[in-house]
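Trainee: To start, I am sharing the structure in question, which I have written as structure tokens.
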Amino acid sequence: MRTDAREIVRRPLITEKGTDLTTDNNGYTFLVAPHANKIQIKKAIEDLFEVRVLKVRTMTRRGKVKGRGPRVFQRPDWKRAIVTLAEGDSVEFL
């Protein structure tokens, strides 16, 4: 399955835990496509940001059940990738 790098890596996730990973381990968190595997994510990050990726960790998160009154629905599932970069490489989001 051939997909564009922008389809695989949707956006960076900027959270308190993600900021700690960046300062301590040179790791960054991204929201990625649910169908993407680690090899595709690694290639997409290297193509988009021109960095060297050492390790990719992924986790699939279940969508929360939300509702108000009699209407109940479930938010979509999503996948998060934690990417560790080589020493000296960094990603600028803004």
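Trainee: Sort through Glu50, Glu7 and tell me the only one that's acidic (Asp, Glu) and within 15 Å of Trp78 (Cβ to Cβ).
Mentor: On the way: Glu50 fails: within 15 Å of Trp78 (Cβ to Cβ).
Only one candidate qualifies: Glu7.
Trainee: Filter the range 78-91 down to residues that are at pLDDT below 95 and open to solvent by 60 Å² or more (accessible area, probe 1.4 Å) and give me whichever is nearest to Leu13 (Cα to Cα).
Mentor: Step by step, filter the range 78-91, then rank; the result is Ser90.
Trainee: If I filter the range 20-60 down to residues being farther than 17 Å from Ala5 by Cα and among the acidic types (Asp, Glu), which single residue comes out as most open to solvent (accessible area, probe 1.4 Å)? Don't jump to the end; show me each part of the working.
Mentor: Filtering the range 20-60 for residues farther than 17 Å from Ala5 by Cα gives 20-27, 54-55, 57, 59-60.
With the extra rule that they be among the acidic types (Asp, Glu), the set shrinks to 20, 24.
On the way: Asp20: 80, Asp24: 116 Å².
In this case the residue turns out to be Asp24.
Trainee: Here is a further query. Please verify whether the range 38-55 includes one or more residues that are of a type in the set (Phe, Trp, Tyr), out of contact with any Phe, Trp or Tyr (no Cβ under 6 Å at 6 or more places or on another chain), without any contact (Cβ under 8 Å) to a residue 60 or more places away in the chain and closer than 21 Å to Val91 by Cα. Please lay out each step first, then the result.
Mentor: Restricting attention to the range 38-55, the residues satisfying the condition of being of a type in the set (Phe, Trp, Tyr) are 49.
Add one more test, that the residue is out of contact with any Phe, Trp or Tyr (no Cβ under 6 Å at 6 or more places or on another chain), and what stays is 49.
Imposing the further condition that a residue be without any contact (Cβ under 8 Å) to a residue 60 or more places away in the chain reduces the set to 49.
Within this subset, residues satisfying the condition of being closer than 21 Å to Val91 by Cα are 49.
For the range 38-55, residues of a type in the set (Phe, Trp, Tyr), out of contact with any Phe, Trp or Tyr (no Cβ under 6 Å at 6 or more places or on another chain), without any contact (Cβ under 8 Å) to a residue 60 or more places away in the chain and closer than 21 Å to Val91 by Cα: present.
Trainee: How about the range 78-88: which of its residues are part of a loop (DSSP other than H, G, I, E, B) and on the phi < 0 side of the Ramachandran plot? Give the derivation first.
Mentor: Of all residues in the range 78-88, those part of a loop (DSSP other than H, G, I, E, B) come to 86-88.
Hits for the range 78-88 are Ala86, Glu87.
Trainee: Looking at the range 1-28, I want the residues that are without any contact (Cβ under 8 Å) to a residue 60 or more places away in the chain and under 19 Å from Arg52 (Cβ atoms) and have a partner that is of a type in the set (D, E, K, R) and open to solvent by less than 70 Å² (accessible area, probe 1.4 Å) with Cβ atoms under 9 Å, at least 6 apart or on another chain. Which pairs are those?
Mentor: From residues that are without any contact (Cβ under 8 Å) to a residue 60 or more places away in the chain and under 19 Å from Arg52 (Cβ atoms), the pairs are Ala5/Glu46.
Results for (1) among the aromatic types (Phe, Trp, Tyr); (2) assigned to a loop (DSSP other than H, G, I, E, B); (3) within 13 Å of the chain's Cα centre (by Cα), shown as yes or no for each residue.
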position	(1), (2), (3)
Arg10	no, no, yes
Thr19	no, no, no
Thr23	no, no, no
Phe30	yes, no, yes
Leu54	no, no, no
Thr60	no, no, yes
Pro76	no, yes, no
Ser90	no, yes, no
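The values are calculated or read from the model by the stated rules, or taken from the named source; none is laboratory data. Bear in mind the structure is a predicted one, so any value in this text is a computation, not a measurement. Backbone-built Cβ (ideal geometry, glycine too); neighbour counts: all protein chains shown. For the accessible areas, the whole protein counts, side chains as well, though only heavy atoms, and no ligand, DNA or RNA atoms are used. Shrake-Rupley method; radii C 1.70, N 1.55, O 1.52, S 1.80 Å.
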